[in-house]
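Asker: One structure is given below, represented as structure tokens, and several questions about it will come after.
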Amino acid sequence: MTHLLRCCIVVTAVLSCVAQIPQQYAANKTAYHLNPLSAGALPVNMDTGDVFGDLYFYLGQYLLPLECANVSQKTRSHFDCDNPERVDPNLVVTRVDLEVDTRFWTQYSACNLCNGSDPFTHKPCKKGTYICDHGHHGGSQPLIPKGVGFKNITEDETPSIPSTQCLRATQETCGAYVNNSDACEYCVYNHEDHLDKACPNADPYEFCPDPFSSCNGFHSGPEWACWLSNIPRKTGGVWYSTLAEGLCNETSAPGSCGWKALSVKTVKAECLSNVLVSTVESHDKAGCFKGCGPRNQTSSCWISCFFDTLLGKDARHTTSLPMGGISKADLEKGWTNAFLPKAEGGCDEVPIPYTSDAYVSELIV
């Protein structure tokens, strides 16, 4: 059974919660997060997502065998393949029912589990703790620490599709520098007014080589990079960031905090993956998986079949063509079914009676 929070946060005693979030401003949101078991269930200084937002992050797991085969310090792979939230042997997925104060929606913060240094700033950090970087994902609005950060995946993460006019203008203006990232970006900067007019629905800076995004409307990278770029086109969704400063606890005065957890349920990522993979495999009408033999999620054959079934075959090479593959409704069921009761095909619940070394939650069944 899903664990219910007896109180917002209990450290040494069981106390009664007060209505820190006025009901006229309160909204319930269901969010999910993937992380090591040791990180706990309560998303303090963590990023979460709705079903599709977390699917956007989670589906990248199935690309790691290809992405991590040629890791470079200068590529996205270096971040993904060292990320404890992707490669820890004890990964779990937690569903959190949140209550948030809608007055305090704020700029999204990129929160990552430290493995010795901040993956963005490269500054030292305490291993095993979360570190949040405000503004890394764009945007200039002031951060409201007690608020809940919000990020629209469709608006902020999907690659833009340049028009023929845009492609011609960028090629004619900065094509000589297409193999040099710094020189190319400098060229785009110097001709920004002209290129913005030629590319009203695309970002001309995406014309320049970028090891973190090597497949978009301007460039076609390796298949794994194109699949990775197409995942947000398929899922859309929302990401949230919930900072420690905004967590309601037993002493929070009304209006002084922005979020609290009402209930949590945690399952092993391996079990969720089996449910999700079986859902995708069941939509393979061409028998692709059968041609690969027994399920082997590290083989290029299986990975190709998985993403062809998930996204459609065009997603191997471009982000410009319409999406195909499994419907979003079926994909959603492949995720949410893992949180059904075990008797209904769901996964065993993993009890986590704490959040982290800094916060302790009293959970009851």
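Asker: Cβ-Cβ below 6 Å, separation at least six or inter-chain, first residue in the stretch 140-161 and farther than 16 Å from Leu55 by Cβ, second part of a loop (DSSP other than H, G, I, E, B) and β-branched (Val, Ile, Thr): which pairs?
Answerer: Qualifying pairs under 6 Å: Pro159/Thr319.
Asker: Scan the stretch 187-208 and tell me whether some residue there is of a type in the set (Phe, Trp, Tyr), within 22 Å of the chain's Cα centre (by Cα) and buried (at least 20 other Cβ atoms within 10 Å of the Cβ).
Answerer: No - not one qualifying residue is present in the stretch 187-208.
Asker: Now, a different point. Please determine, by comparing only the residues of the stretch 33-74 that are closer than 24 Å to Gly246 by Cβ and among the small types (Gly, Ala, Ser), which one is surrounded by the fewest Cβ atoms within 10 Å (Cβ to Cβ).
Answerer: Ser38
Asker: Here is a further query. Within the bounds of the stretch 173-181, is there any residue that is outside the structural domain of Asp80 (by TED's automatic domain parsing), surrounded by 14 or more Cβ atoms within 10 Å (Cβ to Cβ), at pLDDT 95 or above and of a type in the set (Ser, Thr, Tyr)?
Answerer: Checked the stretch 173-181: at least one residue is outside the structural domain of Asp80 (by TED's automatic domain parsing), surrounded by 14 or more Cβ atoms within 10 Å (Cβ to Cβ), at pLDDT 95 or above and of a type in the set (Ser, Thr, Tyr).
Asker: Can Phe79 be described as modelled with pLDDT under 90, of a type in the set (Phe, Trp, Tyr) and more than 14 Å from the chain's Cα centre (by Cα)?
Answerer: Criteria not met by Phe79.
Asker: What do you reckon, is Glu206 outside any loop (DSSP other than H, G, I, E, B), acidic (Asp, Glu) and touching a residue at least 24 places away in the same chain (Cβ under 8 Å)?
Answerer: Yes.
Asker: Assigned by TED's automatic domain parsing to the domain that holds Gly135, free of Cβ contacts under 8 Å to residues at least 40 places away in the same chain, closer than 23 Å to Gly334 by Cα and of a type in the set (A, V, I, L, M), is that true of Leu59?
Answerer: no
Asker: If a residue must be of a type outside the set (D, E, K, R), farther than 18 Å from Ala198 by Cβ and touching a helix residue (DSSP H, G or I) at 6+ places or on another chain (Cβ under 9 Å), how many such residues does the stretch 153-179 contain?
Answerer: 3
Asker: Collect the residues in the stretch 233-260 that are under 17 Å from Pro322 (Cα atoms) and in contact with a Pro (Cβ under 8 Å, 6 or more places away or on another chain), keeping them in residue-number order.
Answerer: Arg233
Asker: For the stretch 107-131, enumerate the residues that are under 18 Å from Leu34 (Cα atoms) and of a type outside the set (Val, Ile, Thr).
Answerer: If the condition is that a residue be under 18 Å from Leu34 (Cα atoms) and of a type outside the set (Val, Ile, Thr), then Tyr108, Ser109, Ala110, Cys111, Asn112, Leu113, Cys114, Asn115, Pro119, Lys127, Gly128, Tyr130 are the ones that fit.
Asker: Please find, within the stretch 247-298, the residue that is nearest to Trp224 (Cα to Cα) out of those that are loosely packed, with under 13 Cβ neighbours inside 10 Å and of a type in the set (A, V, I, L, M).
Answerer: The extreme case among them is Ala286.
Asker: Return the residues of the stretch 167-185 that are under 14 Å from Pro209 (Cα atoms) and over 30 Å from the mean Cα position of the chain (by Cα); say none if nothing qualifies.
Answerer: Residues satisfying the conditions are Thr170, Gln171, Cys174, Gly175, Ala176, Tyr177, Ala183.
Asker: Another question about this same structure. From the set of residues in the stretch 327-365 that are assigned to a loop (DSSP other than H, G, I, E, B) and touching a Ser or Thr at 6+ places or on another chain (Cβ under 6 Å), which is modelled with the lowest pLDDT?
Answerer: Within the stretch 327-365, the match that is modelled with the lowest pLDDT is Ser361.
Asker: Sticking with this structure for a sec: Do we have Asp101 as touching a residue at least 40 places away in the same chain (Cβ under 8 Å) and closer than 17 Å to His33 by Cβ here?
Answerer: No; evaluated as a whole, the condition is false for this residue.
Asker: Would you tally the residues in the stretch 144-166 being modelled with pLDDT under 95, among the polar types (S, T, N, Q) and over 21 Å from the mean Cα position of the chain (by Cα)?
Answerer: The qualifying residues number 2.
Asker: Tally the residues that are over 30 Å from Ala225 (Cβ atoms) and part of a helix (DSSP H, G or I), restricting the search to the stretch 17-66.
Answerer: Residues that pass the stated criteria total 5.
Asker: Within the set of pairs 6 or more residues apart or between chains, which connect a residue that is more than 17 Å from Met46 (Cβ to Cβ) inside the stretch 78-97 to a residue that is of a type in the set (Val, Ile, Thr) with Cβ atoms less than 9 Å apart?
Answerer: Taking only residues 6 or more apart or on different chains, the pairs are His78/Val71; Asp80/Val71; Asp80/Val87; Cys81/Val71; Cys81/Val87; Asp82/Val71.
Asker: Mind telling me which of the residues Thr30, Thr94 ends up being in the same structural domain as Pro254 (by TED's automatic domain parsing), within 19 Å of Val350 (Cα to Cα) and surrounded by 18 or more Cβ atoms within 10 Å (Cβ to Cβ)?
Answerer: The unique qualifying residue is Thr94.
Asker: Which members of the stretch 26-72 meet the condition of being at pLDDT below 95 and of a type in the set (Ser, Thr, Tyr)?
Answerer: Selection gives Ser38, Ser72.
Asker: Here's another thing I want to ask about it. If we only count helices (runs of 4 or more DSSP H) wholly inside the stretch 77-193, which ones have 1 or more residues that are in contact with a Lys or Arg (Cβ under 9 Å, 6 or more places away or on another chain), under 30 Å from Ala338 (Cβ atoms) and charged (D, E, K, R)?
Answerer: 153-157
The values are calculated or read from the model by the stated rules, or taken from the named source; none is laboratory data. It should be emphasised that the depicted structure is a prediction, and the values quoted were computed from it without experimental measurement. Every residue, glycine among them, receives a Cβ derived from its backbone with ideal geometry; neighbour counts consider all protein chains shown.
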